[in-house]
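What follows is a set of notes on a single structure, which appears directly below.
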């Protein structure tokens, strides 16, 4: 009789480091049917990190609340035998049974670090407990989970199995991230032509209904295109089974159809303007390396809708204040004056958008004053609790936000507000985020498929030949 997978696999025990729970408060619920062990040193470090208003301090307090709820009405004997852990997907009243058990260090385990290893810090204490646990439970697979690379290196030296915390990753590889565009095969129309439908609507809008197996992999507001001359460039409006409705994308590449004095210079920029100017799309994410025009296109679309069509009352721009080099210290002035040094990209792009204004320097100065009255600079630190109505909200450098911070910002949008997140996941300045765990990657994966969301990845640099060469070679 063949053994089942559960009979073959040994019991798994995961020892959680402090930084895992400081990073994700719900980490204790994300190990499915496996057991979790928390050393006393970790509890002491959590207690030391609970004070303050930082993101990690809030996470520590949430972990403490989770642990307190799990231990409610449990006696010493039950704690020694492990507390039942509900799954992360468990809902009150649901039928999903509890998964693994949560164990605390209730006694000094036998086993120590080798005498030759110097140091007596918290990391070494956690390693000692993991090593002792591994010696006590030889029939189980004991794994130390930590986001500290150096601790994982020390664990490997001692023969302790260690790994990073992966549950917060929405994708395995950044190269798999949704780009928002798909190239159609050369024989697409041959296969779709038999049952092809087309019609026109007001405003010169042209639609096609196509039936093809490729449709199953598409998403609403995704762009499809052909590279041949006069090939289709369209946006997927709806999907039903193997049938999809495609609207022909508007062309903003000519000066006559430009937006606020600028025109798209390539296909992806044109797709971005289609998303930014679409009144049916409430949330847009734009990814791309330096010089691809993310901020310029977003500002041009915002000014057009705030000043020409009056769709929005004002433009609000914000970003995460993480310096590229050493911090320059506290800045004087009001909230807007404090944020101004961080908004150099805004000023640079406003110069581009106003340099063609008539009336010479006086005319440009008057235009700049008008624009500054309609563009507000705000700090992310004061966003909690706010609601923005009929605003065009731009979040620059969004790759430096955590998923939790991103959620806090996206939920600020009220009726009539459009949120645009810009970023480059290859330029993350936060020491605790990566391409696969940052908030920008998180929302791209979570919002894909929502009919009021659009995403585009810009690939071609338009800043200068120097910037393009530097992006490719450095």
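The values are calculated or read from the model by the stated rules, or taken from the named source; none is laboratory data. Worth saying up front: this structure is predicted, and the values here are computed from it rather than measured. Cβ: placed from backbone, ideal geometry, glycine included. Neighbour counts: every protein chain shown.
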Given the structure, is residue 334 at pLDDT 90 or above, over 20 Å from residue 421 (Cβ atoms) and assigned by TED's automatic domain parsing to the domain that holds residue 410? no
Of everything in region 438-470 that's surrounded by 16 or more Cβ atoms within 10 Å (Cβ to Cβ) and under 14 Å from residue 426 (Cβ atoms), which residue is modelled with the lowest pLDDT? 461
Selected residue [out of contact with any strand residue (DSSP E or B) (no Cβ under 7 Å at 6 or more places or on another chain), assigned to a loop (DSSP other than H, G, I, E, B), free of Cβ contacts under 8 Å to residues at least 60 places away in the same chain and in the same structural domain as residue 442 (by TED's automatic domain parsing)] from 279, 289: 279
Criterion: in a strand (DSSP E or B) and not assigned by TED's automatic domain parsing to the domain that holds residue 272 - qualifying residue of 215, 236: 236
Every residue in region 158-176 that is over 30 Å from residue 451 (Cα atoms) and either surrounded by 12 or more Cβ atoms within 10 Å (Cβ to Cβ) or at pLDDT 90 or above (or both), please. 158, 160, 161, 162, 163, 164, 165
Can you confirm whether residue 398 is surrounded by 20 or more Cβ atoms within 10 Å (Cβ to Cβ), under 27 Å from residue 147 (Cα atoms) and modelled with pLDDT of 85 or more? yes
I'd like to know if region 369-392 contains one or more residues that are surrounded by fewer than 17 Cβ atoms within 10 Å (Cβ to Cβ), at pLDDT 85 or above and under 27 Å from residue 265 (Cα atoms). no
If you go through region 288-297 one residue at a time, do you hit one that is at pLDDT below 80 and surrounded by fewer than 23 Cβ atoms within 10 Å (Cβ to Cβ)? no
Residues located in region 218-233, provided they are at pLDDT below 85 and either in a strand (DSSP E or B) or surrounded by 19 or more Cβ atoms within 10 Å (Cβ to Cβ) (or both): none
Quick one: is residue 63 in a strand (DSSP E or B) and at pLDDT 85 or above? no
Out of the residues in region 401-418 that are in contact (Cβ under 8 Å) with a residue 24 or more places away in the chain and in a loop (DSSP other than H, G, I, E, B), state the one that is surrounded by the fewest Cβ atoms within 10 Å (Cβ to Cβ). 415
Those residues that are loosely packed, with under 11 Cβ neighbours inside 10 Å and closer than 24 Å to residue 270 by Cα, I need them from region 177-217; list them, please. 199, 200, 201, 202, 203, 204, 217
Only one of 430, 356 is in a loop (DSSP other than H, G, I, E, B), at pLDDT below 80, closer than 24 Å to residue 179 by Cα and assigned by TED's automatic domain parsing to the domain that holds residue 272, namely 430
